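The values are calculated or read from the model by the stated rules, or taken from the named source; none is laboratory data. Values in this document were obtained by computation on a predicted structure and should not be read as measured data. Neighbour counts are summed over all protein chains in view; Cβ atoms, including those assigned to glycine, are modelled from backbone coordinates with ideal geometry.
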């Protein structure tokens, strides 16, 4: 049996403001920092530990990882960062609030953009300053792989190579992993782990700062799931 913990970053400024964040780099609020620290206290209080942590290249997820591990006295373990664990790219919706978009296109369309499985947003133009190709953190990522907008299905396709090549082998080697990332990259992993139907995944919402603990068998099938 293997143990895997998934942790969505704490509340960010864009979460508080009701904005589509995507790959835009928004910091944690104080509540978000408190959530991350509480996650660490909860995990160590229930006897969990880690050999390795994985996060993405967004500040809100990285700082959540730091604060959680600090509470667990685990700041010394390797923290591996990868763009494939980034939040879903919300394209031209990024930095707009849900409310103002609902007024333009209606609540149903905004819900599909937020939660739907195969509902890509309007794409960013490559000349748009929100397009991350000129961000130094992505300088080693082939430009053809940097999204201009993604559905959850496309996010799953982006995440799965990292799962197959890095995460799954690490779990099978016996390492206890913390994956501290963003809502939709984690929803993609949850969909894969739990084999959730395309029609059901829109109802799956992961709260900020709450550890999801999975017990997996030798084939990485879910034996037990707990939300701490």
Considering 98, 54, which residue is touching a residue at least 40 places away in the same chain (Cβ under 8 Å) and out of contact with any strand residue (DSSP E or B) (no Cβ under 6 Å at 6 or more places or on another chain)?
98
Please go through (1) surrounded by 12 or more Cβ atoms within 10 Å (Cβ to Cβ); (2) over 26 Å from residue 4 (Cβ atoms) for residue 134 and return the number of the only condition it doesn't satisfy.
(1)
Is it the case that the range 174-185 has a residue that's out of contact with any strand residue (DSSP E or B) (no Cβ under 6 Å at 6 or more places or on another chain), free of Cβ contacts under 8 Å to residues at least 40 places away in the same chain and either over 17 Å from residue 58 (Cα atoms) or surrounded by fewer than 17 Cβ atoms within 10 Å (Cβ to Cβ) (or both)?
no
Of the residues 204, 223, only one is in contact with a helix residue (DSSP H, G or I) (Cβ under 8 Å, 6 or more places away or on another chain) and surrounded by fewer than 18 Cβ atoms within 10 Å (Cβ to Cβ); which?
204
I'm trying to understand the selection: among the residues of the range 18-50, which are more than 15 Å from the chain's Cα centre (by Cα) and at positive phi?
18, 47
What single numbered condition from (1) surrounded by fewer than 17 Cβ atoms within 10 Å (Cβ to Cβ); (2) touching a residue at least 40 places away in the same chain (Cβ under 8 Å); (3) out of contact with any helix residue (DSSP H, G or I) (no Cβ under 6 Å at 6 or more places or on another chain) fails to hold for residue 228?
(3)
Restricting attention to the range 1-29, report how many residues are touching a helix residue (DSSP H, G or I) at 6+ places or on another chain (Cβ under 8 Å), within 23 Å of residue 110 (Cβ to Cβ) and not in a loop (DSSP other than H, G, I, E, B).
5
Residue 84 passes all but one of (1) within 26 Å of residue 50 (Cα to Cα); (2) surrounded by fewer than 17 Cβ atoms within 10 Å (Cβ to Cβ); which number fails?
(2)
Of the listed residues (61, 53), the one being surrounded by 17 or more Cβ atoms within 10 Å (Cβ to Cβ), within 19 Å of residue 3 (Cβ to Cβ), modelled with pLDDT of 95 or more and within 17 Å of the chain's Cα centre (by Cα) is 53
